[in-house]
Amino acid sequence: MTWLALRQFRAAGAAMAAVVLVLVAVLLATGLGTTDYTQLDVVYTVTLIGVTALPVLIAIFVAVPMVTRELETGTHSLVWNQTVTRKRWLATKFAVGLPAAVVAAGALSLAATWWAGPLDAQDAWNADAVPPRISPAVFMARGLAPFGYAAFAYALGIAVAVLVRRTVAAMALTLVLFVAVQLAVPFLVRPYLLAPVEETVAITEANVGEIRGTPDGLESVGVIEPDRAWTLTNETVDAQGAAVGSLREVAGLGCLTGPQPVPPAHESLVGCLVRLDELGYQQRLVYHPDSHFWALHGIEAGFFLALSALLAWFSFRRINHLS
Amino acid sequence: MTVLRATNLGLRYTKRRWALAGCELDVPAGHVAGLVGPNGAGKSTLLNLAAGMLRPTEGTIEVCGGIPGSGTDQLAKVGYVAQNTPLYAGLTVAEHLRLGASLNPRWDADLARRRIERIGLDPNQAAGRLSGGQRAQLALTIGIAKRPELLLLDEPVAALDPLARRDFLRDLMEAVAEQGLSVLMSSHLIADLERVCDYLVVLVDSRVRLTGEVENLLAVHHRLSGPRRDVDDLPDGQRIVSARHTDRQTTLCVRSENALFDPLWTVGELTLEDLVLEYLSTPEATRPALEVLR
């Protein structure tokens, strides 16, 4: 059984290995001893896209066809009628491809993490600063999480293939589901994997980084966010600690309330901030600092591995209902 | 010994449509059994149920003493060559044999190699480039070298030209003689079945219409012809399978365990093909009446 699965996996596995090896080689060639990254923004972007896309590409082009092509060409009825159970057939599909997918995606991710290390470590005020590595835009292309993504994508591909049975439809559904999960996780799951840092700071002219308003008046302010952190919340709270929706509703603020010139005068803005502080308003910050990076990665990888196990369980349950 | 026993076996594939219903079968071991019926009668369904590819909606099916698809012991006992003889297009002939060897503990490598040599297949040829006849032969080789007790074949010769068909059936008969395995084979081609089958199962409209050893079936079915007359007054023990009337003559196909003595009729024998056609072409006359009575 393993021989057959390996034989079927051969071409796809070789292609997968080739892509990863080429990308890793490029990263090594451009990353070793480099201090000046200004000419390398193409490599940076390709790496970001490559690590993000590799798990789902493996799922679509390796995992899905591994099952659907047998169902479409009817070879499943050949192999299921040898002295081997369907469960073992399915187990081999997992055993052959999934570790390879995890290793490929993980290796590329670690190479990217190493390559982009000096860039990711830059402070935000640096001229060619990139998004911090813990921010959602970069997070999924670094560290340990791609190990979990690869396992999840592969298990998703197999489960969808078992369910849908047609190659193209299963590919499309796998892609849609994977993208949906990857879009949802940064908002619905990742913030809660680890307790974020919470702090409440005074609003001063020095630390306010952002003032938003309409011609009708002041809307909200934001303080300068911690460096290299992933800020979840940056909101004004009153003396009791309750969040303020719009600063226009603050009683007794008495500044920037009516129609204003655009932009408003500097003095009136500063006066407004001082007044907010006097009334006991503060700014609440909730964020994951850069020090949470590896812990978040470990937990998220575990979360995706658990999802993969669930999908595998589903596939094994479904396989006996196929014909 | 029974090689396939079905009790009230049924498979429903949509809410109202039954692919197979109320199937009662008891096929003894050691036969080459032919499974005939029109398209959509449930032949493939029955074979798929016997192989364990499908699970019955109702009733039970027992193959070689076990439940189909219930585990490796059962899988080892039953060989199945599906319709269109699916093979891995990218694998060579030799790789298919290797696949068979690695997936079957009872694999007979010698037998497989000898058969491939005799058929004249190039071991290094990809299965995707084989002709229909060669594909069928390779699939049959895998099925036989597995050394099952029962070999299920779904329309194995449908795609073959007459010569390839003859070779295929001759090979099958040789394997049956050498290994003493039982075969259940579906086919449209009654002439082919006539050559190789000694047991017959006729499926019509998802139901078993006729089953038994070919010799016995031929012995109890007779063709009667005589002057035109009403045919409700046949003696006990005789059952009309079909009746045809012209202006002056009536021809009947009758099932009777006893000898026929009515001097009015000329009694003739039926060939297997005649017999099958009589059953396929006439609706089951007794059933609606019975259902009304119930």
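State, as an integer percentage, the relative contact order of chain A based on alpha-carbon contacts under 8 Å between residues 6 or more apart.
Once divided by the residue count of chain A, the mean separation gives 22 percent.
Taking all protein chains together and a probe of 1.4 Å, list A:F303, A:F187 from the most accessible to the least accessible.
From most exposed to least exposed: A:F187, A:F303.
Let me cross-check A:D120: its accessible surface, 1.4 Å probe, with only protein heavy atoms counted, in Å² to the nearest 10?
Roughly 10 Å² of A:D120 is accessible to a 1.4 Å probe.
Got a sec? What order do A:C272, A:C255 fall in by accessible area at 1.4 Å, biggest, i.e. largest, first?
If we order A:C272, A:C255 from most to least accessible, we get A:C255, A:C272.
Can you pull out the buried accessible area for chains B and A, both sides counted, probe 1.4 Å, rounded to the nearest 100 Å²?
Using a 1.4 Å probe on protein heavy atoms, the buried area is about 2200 Å².
Relative contact order for chain B using alpha-carbon pairs under 8 Å, separation at least 6, rounded to a whole percent?
In percent, rounded to a whole number, it is 19.
Please work out how much accessible surface A:I299 shows to a 1.4 Å probe, ignoring ligands, DNA and RNA, in Å² rounded to 10.
Looks like 70 Å² after rounding.
Grab the other residues whose beta carbon is less than 12 angstrom from that of B:E257, score K and R as +1, D and E as -1, and report the net.
+1
Divide the volume of the convex hull of the Cα atoms of the stretch A:1-149 by its number of residues and quote the answer in cubic angstrom per residue.
Per-residue hull volume (Cα only) is 106 Å³.
Taking a Cβ-Cβ separation under 4.7 Å as the criterion for a possible partner, which cysteines of the protein assembly as shown have none?
B:C23, B:C64, B:C197, B:C253
Output ³J(HN,Hα) for the stretch B:32-45: one whole-Hz value per residue in order, computed from phi by the Karplus curve 6.51 cos²θ - 1.76 cosθ + 1.60 with θ = phi - 60°, and x for Gly and Pro.
9, 9, x, 10, 10, x, x, 4, x, 7, x, 5, 5, 4
If you take all C-alpha pairs in chain A, what percent of them are over 26 Å apart?
Roughly 59 percent, rounded to a whole number.
List the GluC sites (Glu not before Pro) within the stretch B:156-223 that fall in a DSSP loop (any state other than H, G, I, E or B) and whose Cβ has at most 15 other Cβ atoms within 10 Å.
Taking the stretch B:156-223 and a limit of 15 other Cβ atoms within 10 Å, no loop GluC sites (Glu not before Pro) are found.
Which order do A:Y154, A:Y287 take when ranked by solvent-accessible area (1.4 Å probe, heavy atoms of all protein chains), largest first?
Correct descending sequence by accessible area is A:Y287, A:Y154.
Summarise the accessible area of the stretch A:197-289 (1.4 Å probe, protein heavy atoms) by the percent that is carbon and sulfur.
Heavy-atom surface of the stretch A:197-289 belonging to carbon and sulfur, 1.4 Å probe: 52 percent.
Can you find, among A:W115, A:G217, A:W230, the residue sitting farthest towards the positive end of the charge dipole of chain A, where Lys and Arg contribute +1 and Asp and Glu -1 at Cβ?
It is A:W115, whose Cα lies furthest towards the positive end.
Rg(Cα) of the protein assembly as shown divided by 2.2 N^0.38 Å?
1.47
Run the 1.4 Å probe and let me know the accessible area of B:T266, rounded to the nearest 10 Å².
Counting only protein heavy atoms, the figure is 90 Å².
Tell me what the protein assembly as shown gives for mean residue ellipticity at 222 nm when only DSSP H runs of n ≥ 4 count, each as -39,500 (n - 2.57), the sum divided by the residue total, rounded to 500 deg cm²/dmol.
Mean residue ellipticity at 222 nm (helix-derived): -15000 deg cm²/dmol.
Over every pair of different alpha-carbon atoms in chain B, take the mean of 1/r and invert it; report that Kirkwood radius in Å.
Value: 20.7 Å, from the Cα pair sum.
May I ask for the angle, rounded to the nearest 10°, between helix A:145-164 and the longest principal axis of chain A, with both axes built from Cα atoms and the value confined to 0 to 90°?
For A:145-164 against chain A, the angle is about 50 degrees.
Between A:R228 and residues 5 or more places away or on another chain, which pairs have amide H atoms under 5 Å apart, with H built 1.01 Å from N, and which residues are they?
Counting only residues 5 or more places away or on other chains, the set is A:A124.
With +1 on each Lys and Arg Cβ and -1 on each Asp and Glu Cβ, how big is the dipole of chain A about its Cα centre, in debye rounded to the nearest 20?
For this selection, approximately 2740 debye.
For the stretch A:169-289, rounded, prolate or oblate, judged on the Cα gyration tensor with a ≥ b ≥ c (square roots of eigenvalues), a/c < 1.5 rounded, else prolate if a/b > b/c?
Because a/c hits 1.5 or more and a/b exceeds b/c, the stretch A:169-289 counts as prolate.
Test of the criteria: in the stretch B:41-121, which GluC sites (Glu not before Pro) are in a DSSP loop and have at most 15 other Cβ atoms within 10 angstrom of their Cβ?
Loop-located and lightly packed - none at all.
In straight Cα distance, which aspartates and glutamates are under 17 Å from A:K87, not counting same-chain residues fewer than 8 positions off?
Qualifying aspartates and glutamates at Cα under 17 Å: A:E70, B:D73.
In degrees from 0 to 90, rounded to the nearest 10, what is the angle of the helix A:64-73 Cα long axis to the longest principal axis of chain A?
Compared with the principal axis, the helix lies near 40 degrees.
Against the longest principal axis of chain A, how steep is helix A:86-115, in degrees 0 to 90 to the nearest 10, with axes from Cα atoms?
40 degrees
For B:Q125, enumerate residues with amide H under 5 Å from its amide H, sequence gap 5+ or separate chain, H modeled in the peptide plane.
B:V93, B:A94
Net charge around A:V274, counting only other residues with Cβ within less than 12 Å of its Cβ (Lys, Arg = +1; Asp, Glu = -1)?
-3
Normalised by the number of residues in the stretch B:79-236, what is the relative contact order in percent for Cα pairs under 8 Å and 6+ residues apart?
The value is 22 percent.
Considering amide H positions built from the backbone, and no H for Pro or chain starts, which residues 5 or more places from B:R209, or on another chain, come under 5 Å of its amide H?
HN-HN under 5 Å from B:R209: B:V202, B:L203, B:V204.
The values are calculated or read from the model by the stated rules, or taken from the named source; none is laboratory data. Quantities reported herein were computed from a predicted structural model and do not represent experimental measurements. Note that we place each Cβ from the backbone using ideal geometry, even for glycine, and neighbour counts take in every protein chain shown. Just so you know, the surface numbers come from the protein's heavy atoms only, side chains and all, with ligands and any DNA or RNA stripped out. Shrake-Rupley method; radii C 1.70, N 1.55, O 1.52, S 1.80 Å.
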